[in-house]
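Some notes on the structure that comes next.
Computed from the coordinates by the stated procedures, all read-outs in this text should not be read as laboratory data. None of these values were measured; they are calculated from a predicted model. Every residue, glycine among them, receives a Cβ derived from its backbone with ideal geometry; neighbour counts consider all protein chains shown.
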Amino acid sequence: MALNKIFRAVIMGPPGSGKGTVSARITKTFGLKHISSGDILRANINAKTELGLLTKSCIDQGQLVPDDVMSRLILSDLRGLDSWLLDGFPRTVSQADALDEACSVDTVINLNVPFQTIKQRLTSRWTHLPSGRVYNTDFNPPKVPGFDDVTGEPLVQRDDDTPETVTRRLKAYETQTEPVLEYYRSKGVLQTFSGTETNKIWPHVEVFLHRKLSFVKEQVA
Ligand code: G5P
Ligand code: MG
């Protein structure tokens with residue numbers, strides 16, 4: 001489906017809920033540009049930039065990077081883009097306010113996956129750092145174990161995917177990110193999808209976005 005109008009979406013959900021996995025499907029099906037705050041931070045850490053050096057310890061400890069750093073980073077990335085799918089930002093009410101001041105959001109997709117399901121997934125996740133592509137030894141294993149399907153480059157396990165850090169990330173989600181759901185609910189743009197399997201959640205997201213995009217098209221016409 002070619003996107004010929006402005007459409008701005010946010011995808012939310014706890015760590016490991018499948019935001020990256022569902023975003024890849026949205027990008028493939030609807031052509032929305034995927035902007036993942038975590039992927040951008042990890043690319044900076046990998047390249048040892050100033051931002052990477054500044055944020056690495058926060059991420060490794062399962063804490064959030066300060067709001068002003070994140071808002072500046074992501075809002076500058078959005079400049080010049082009409083349509084996008086934001087993954088991992090906003091993560092606090094202060095970040096949601098900063099985004100709201102810069103532009104409006106058409107829809108917020110919330111993946112509501114139980115914490116117990118998530119913990120098992122993250123310890124068996126393998127990531128291709130340059131692209132952000134994710135694999136899972138149970139759910140979607142790479143064709144050749146340990147290597148990216150597209151580039152053949154090695155996969156790594158994220159430093160923040162240890163059981164202790166995952167627990168801290170879930171806590172940060174509960175205290176700092178869950179209030180953002182209420183923020184968007186009160187604006188009438190929040191759409192929640194609940195379940196334990198991405199393959200069962202995805203068809204509902206797909207139908208929802210098809211409807212939403214046809215509606216935006218009619219408004220534009
Ligand atoms: P990130 O990178 O944004 P999180 O913690 O929000 O990290 P994460 O871990 O990237 O989210 P996800 O994208 O929601 O998870 O999930 P995913 O990668 O698609 O799926 C997880 C695993 O489950 C994969 O292995 C996938 O293959 C598998 N899977 C998917 N579906 C299924 C299924 O149905 N069944 C099974 N068995 N497996 C499945 O942020 C990282 C850090 O960066 C900082 C913070 O420190 C954060 O902790 N940060 C920010 N700090 C402040 N403000 C911000 N805005 C920040 N953004 C990032
Ligand atoms: Mg992710």
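Here are a few things to note about the model shown:
- Taking a ≥ b ≥ c as the square roots of the eigenvalues of the Cα gyration tensor, an a/c ratio of 1.5 or more together with a/b larger than b/c marks the stretch 6-104 as prolate.
- Applying a DSSP loop filter and a limit of 15 other Cβ atoms within 10 Å to the trypsin sites (Lys or Arg not before Pro) in the stretch 74-143 leaves R79, K143.
- Cα-based reach from K56 at 12 Å (exclusive), listing aspartates and glutamates while leaving out same-chain residues under 8 positions away: D159, D160
- Cβ-based net charge around I11, under 10 Å, with every Lys or Arg adding one and every Asp or Glu removing one: 0
- The value obtained for the stretch 44-84, namely the Cα convex hull volume divided by the number of residues, is 91 Å³ per residue.
- 20 Å Cα-Cα reach of K212 towards lysines, excluding residues that sit fewer than 8 places from it in its own chain: K5, K19, K28, K33, K187, K200
- In terms of its C-alpha gyration tensor, the stretch 4-56 has a prolate overall shape, because the principal axis ratio a/c (a ≥ b ≥ c, square roots of the eigenvalues) is not below 1.5 and a/b outweighs b/c.
- Value of [θ]222 nm, deg cm²/dmol, for the chain, DSSP H segments ≥ 4, -39500 (n - 2.57) each, nearest 500: -15000 deg cm²/dmol
- Highest to lowest packing among 12-19, 64-71, scored as the average C-beta count within 10 Å: 12-19, 64-71
- Tensor-based shape of the chain (alpha-carbon gyration tensor, a/c under 1.5 rounded, otherwise prolate or oblate): rounded
- Distance cut-off 14 Å, percentage of C-alpha pairs in the stretch 154-197 lying past it: 66 percent
- Residue by residue, the stretch 188-196 carries 3J(HN,Hα) couplings of x, 10, 8, 10, 9, 10, 10, x, 10 Hz when phi is fed to the Karplus relation 6.51 cos²θ - 1.76 cosθ + 1.60 (θ = phi - 60°); x denotes Gly or Pro.
- The fraction of all Cα pairs in the stretch 62-142 landing in successive 5 Å bins from 0 to the largest distance is 3, 11, 18, 19, 18, 16, 12, 4, 0, given as whole percents.
- Two-decimal ratio, the stretch 89-191, of alpha-carbon radius of gyration to 2.2 N^0.38 Å: 1.29
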